[in-house]
Structures are given as structure tokens and as C-alpha cells.
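Peer 1: Input: one structure, supplied below.
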Amino acid sequence: MRKIGIGLMLLGTLCGYLGSVQAAIEQKVMLMLGGQYCDLYLGDVESALKQLPGVKAVDIKSMKGHAIVTVEGDKTTSSQLVKAVNGVKGDGWHCSAQVMK
């Protein structure tokens, strides 16, 4: 009986560890931004990206014309990031994104 209890305790510890490792996996996706007036609406682009699940951070200042997006695990795909940027519309302008490989 004691061996079963120890086994269950080890199994619970292992499951908790694996869950925390999965949560800790992050990836950075670099998007090249384009569009006639996109530079004027970077705040809207940043907001649109941050609304997606799993987006932990958006850096639009380090590299002009690019957004570096930190995504947790596989909660959001790069195509969803592109779609979010392409969905930001204004009167007479547009902003587009392309994933840099």
C-alpha cells in the first residue's frame, strides 16, 4: 500500500513538472509590417496582437517596420498573428503583416 502511495505522489509531481514545462515554452515570431500608414497606427496593431490567446508580449520598437511577438506554447499560430494585423483597418489606409522566417 505504501508503494502505491509513493508511486501516486511521484506521478503527481511528474505531471505538475511537465505542465509547468509546457507553460514555460515560448516562441518569438517576427512580423514584417507594411502599408502606407501602418507606422501611424502601431498602437492599434499592438492591441490587436495582444488580444490573441497566448500572446505574452509585443515589441514594436526594437526594429522599425517589424513586430516581435512572444507567444506562449501553441495557443496562437503565426497565421492568426498575421490575420490580426491585417484586420486592423482605418479610413484610407491599411496595415499588413508577413511572417519573417
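Peer 1: Only one residue in Q98, Q27, Q36, Q22 is touching a strand residue (DSSP E or B) at 6+ places or on another chain (Cβ under 7 Å) and modelled with pLDDT under 90. Which one? Lay out the reasoning, then the answer.
Peer 2: Working: Q98 fails: modelled with pLDDT under 90; Q27 fails: modelled with pLDDT under 90; Q22 fails: touching a strand residue (DSSP E or B) at 6+ places or on another chain (Cβ under 7 Å).
Q36 is the lone residue from the list that is touching a strand residue (DSSP E or B) at 6+ places or on another chain (Cβ under 7 Å) and modelled with pLDDT under 90.
Peer 1: Okay, moving on. Tally up the residues in region 43-68 that are surrounded by fewer than 18 Cβ atoms within 10 Å (Cβ to Cβ), under 18 Å from S96 (Cα atoms) and among the aliphatic types (A, V, I, L, M), please.
Peer 2: Number satisfying all stated conditions: 3.
Peer 1: Taking into account only those residues within region 42-63 that are more than 16 Å from G87 (Cα to Cα) and among the aliphatic types (A, V, I, L, M), which is nearest to the chain's Cα centre (by Cα)?
Peer 2: If we take residues in region 42-63 being more than 16 Å from G87 (Cα to Cα) and among the aliphatic types (A, V, I, L, M), then V55 is nearest to the chain's Cα centre (by Cα).
Peer 1: How many of the residues making up region 43-70 are touching a strand residue (DSSP E or B) at 6+ places or on another chain (Cβ under 8 Å) and not in a loop (DSSP other than H, G, I, E, B)?
Peer 2: Qualifying residue count, region 43-70: 15.
Peer 1: Next question. Hey, can you tell me all the residues within region 71-95 that are part of a strand (DSSP E or B) and at pLDDT below 90?
Peer 2: Result: K89, G90, W93, H94.
Peer 1: Under 8 Å between Cβ atoms, at least 6 apart or on separate chains: pull out the pairs that start in region 72-101 with a residue that is under 22 Å from Q36 (Cα atoms) and buried (at least 17 other Cβ atoms within 10 Å of the Cβ) and end on any residue that is at pLDDT below 90 and of a type in the set (V, I, T).
Peer 2: C95/V88
The values are calculated or read from the model by the stated rules, or taken from the named source; none is laboratory data. Since this is a predicted model, take the numbers as computed values, not measurements. No Cβ is skipped: glycine too gets one built from the backbone with ideal geometry, and neighbour counts run over all protein chains shown.
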